[in-house]
Amino acid sequence: MVTTGIDRLHLTFSIKYAPEMLVSTLFESLTLEKHFRRVDNTLSKTRSKAGQKISWYRTSYYLETAAGDTLIAVHTDPTSQYGKRNLVQVHGLTFSNSALNALRPLNLDKLLNGALDMDAAVSAMDLYLDATDGEVPIDKIRVQSLPSNYRAYIRSPFIRDKKHTRTLPRPVGDSSIYYGGTGNACQILLYSKHLDPHQRIYSEDNPLKFPWVRFELRLRKATAKRQGSRLLWLLAGPVWPEDQHSIGQAVADLFSKYFNFVEPTRSRANRCPVQAWWSDLLSAACL
């Protein structure tokens, strides 16, 4: 079984749209005053979930779970003198079916249509492709991702392979492999979700009954803005019916654009055919 979706979405808006309007337009049955916690960033040392100090906005509003996890953050009163924009961060838990998510199921149509109506720009976007039938050859991928092999088997513009800017695939423990840069850079993350301790879905007393492999495409900066704008239009824009995409089609298209496992039939990876299992996975995502 293959499923796809959005795991993070950061949107910026003109400051002519007040935070109250952003919340009511993007999210169903939420109001800023009733549901969000206000933070004055000039009086505190507030940090985002990623650990970054929120110093470029004077005021932030947070919608949180009872456990303290952030679902939605709205940042306003920008301190920058140029390109002043409000920022709405929709975190991964907000899109999930987890019992921790009080917003499930999220009204995705309202979010995307509202973003289009208010001319949002995407500043960060994470998309996922999940496989839960054991069809992903993890052991084979680990071998193909080794420093001596990845040039032949992996095709991605995020992997820099020049003399002074080489970015090798980076295994993390036994469950994850990162492809691409670090920090605020575009990258691909592959991990066995059922084995990753940060996911809190597995324990020795209550193990997951099936393998769960996630491919996560993380787009940032100019790439996020360009592809995010296209994604909004494909999913919610006023296009001809034959041009409309499902979320699965849109995610599969972006993965095929930025990341592929290939058969090393030629000396250059960009001329090699895609491995059959990966092609089948992307095709299944479109169904």
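List of remarks:
- None of Ile159, Ile154, Ile188, Ile201 is of a type in the set (A, V, I, L, M), over 16 Å from the mean Cα position of the chain (by Cα) and at pLDDT 95 or above except Ile154.
- Lone unmet requirement of (1) modelled with pLDDT under 95; (2) open to solvent by 70 Å² or more (accessible area, probe 1.4 Å); (3) touching a strand residue (DSSP E or B) at 6+ places or on another chain (Cβ under 7 Å); (4) of a type outside the set (Asp, Glu) for Val39: (2)
- Residue match in the stretch 226-240 (condition: of a type in the set (S, T, N, Q), at pLDDT 95 or above and surrounded by fewer than 20 Cβ atoms within 10 Å (Cβ to Cβ)): yes
- Residue list for the stretch 90-109, restricted to those being more than 24 Å from Ala285 (Cβ to Cβ) and open to solvent by 40 Å² or more (accessible area, probe 1.4 Å): Ala99, Leu100, Ala102
- Residue pairs meeting the criteria (Cβ under 6 Å; at least 6 apart or on separate chains; first at negative phi, in the stretch 25-44; second open to solvent by 20 Å² or more (accessible area, probe 1.4 Å) and assigned to a loop (DSSP other than H, G, I, E, B)): Glu28/Asn107; Val39/Thr46
- Evaluation of Arg8 against (1) open to solvent by 40 Å² or more (accessible area, probe 1.4 Å); (2) assigned to a loop (DSSP other than H, G, I, E, B); (3) within 26 Å of Pro238 (Cα to Cα) (one fails), failing number: (2)
- The residues of the stretch 110-151 that are at pLDDT 95 or above, of a type in the set (Asp, Glu) and surrounded by fewer than 20 Cβ atoms within 10 Å (Cβ to Cβ), listed by number, are Asp117, Asp119, Asp130.
- Candidate set from the stretch 258-287 (those that are open to solvent by 60 Å² or more (accessible area, probe 1.4 Å), hydroxyl-bearing (Ser, Thr, Tyr) and within 24 Å of Asp161 (Cβ to Cβ)); member that is modelled with the lowest pLDDT: Ser267
- Condition check for Leu127: farther than 21 Å from Glu20 by Cβ, without any contact (Cβ under 8 Å) to a residue 60 or more places away in the chain, touching an Asp or Glu at 6+ places or on another chain (Cβ under 9 Å) and hydrophobic (A, V, I, L, M, F, W, C): no
The values are calculated or read from the model by the stated rules, or taken from the named source; none is laboratory data. Note that the coordinates shown come from a computational prediction; the quantities given were computed from them, not determined experimentally. As a convention, Cβ positions derive from the backbone with ideal geometry for all residues, glycine included, and neighbour counts pool all protein chains shown. In case anyone asks, the SASA skips ligands and DNA or RNA and just uses the protein heavy atoms, side chains included. Shrake-Rupley method; radii C 1.70, N 1.55, O 1.52, S 1.80 Å.
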